[in-house]
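The next block holds one structure in the form of structure tokens; read it before the comments.
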Amino acid sequence: MTVADYNRCVDDYSDGVYRFILHHYRDKDEAKDIVQDAFEKLWINHEAVNGEKAKSYLFTTAYRTMIDRIRKNKRKADFDEVNEHEYLHEQSYSDIKSAVKKGLQRLPDIQKTVITLRDLEGYTYEEIGEITGLNETQVKVYIYRARTALKNFIGSIENLV
């Protein structure tokens, strides 16, 4: 990969990688740091990376960096201490987008990642598998489970209006 290819990657993919990470991490400064780390790793390995595979390399690197940070910062609460009233909702939504966002926040990280890559970023199952390190069947299963969980969370269309 040449310097011109690298600069083209920055112009073409930086916004997409940032949106992808921000959607999961929800901290603008941390998301910027993760994207910066991904581009730094691309530059360090620019001689070994094929210019045609740079997009996949960037998303994979950013995803794995994000997972590392999440694991490092994650504080797991005891499952018995979960307040189930937080997960029940009686209010009706007039904004479908906010309902979907709330539903996505409740998904496990891997489900949130694959559903975001598939439905929001438009990646194929194969590309998602390359980015996440899963096989195509696992990707499909996680997407199905995520969609089912979102459907159950949102409920019927009457609850949204």
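So in the stretch 11-26, with the set limited to residues that are over 17 Å from Gly122 (Cβ atoms) and loosely packed, with under 14 Cβ neighbours inside 10 Å, which one is modelled with the lowest pLDDT?
Arg26
How do the pairs read when you match residues in the stretch 22-41 that are of a type in the set (Phe, Trp, Tyr) with residues anywhere that are surrounded by fewer than 19 Cβ atoms within 10 Å (Cβ to Cβ), using Cβ under 9 Å and keeping only pairs 6 or more apart or on different chains?
Qualifying pairs under 9 Å: Tyr25/Arg69; Tyr25/Ile70; Phe39/Tyr6; Phe39/Val10; Phe39/Ser14.
Yes or no: Lys53 part of a helix (DSSP H, G or I), at pLDDT below 85 and not aliphatic (A, V, I, L, M)?
Yes.
The values are calculated or read from the model by the stated rules, or taken from the named source; none is laboratory data. Worth saying up front: this structure is predicted, and the values here are computed from it rather than measured. Positions of Cβ are backbone-derived with ideal geometry, glycine not excepted, and every protein chain shown enters the neighbour counts.
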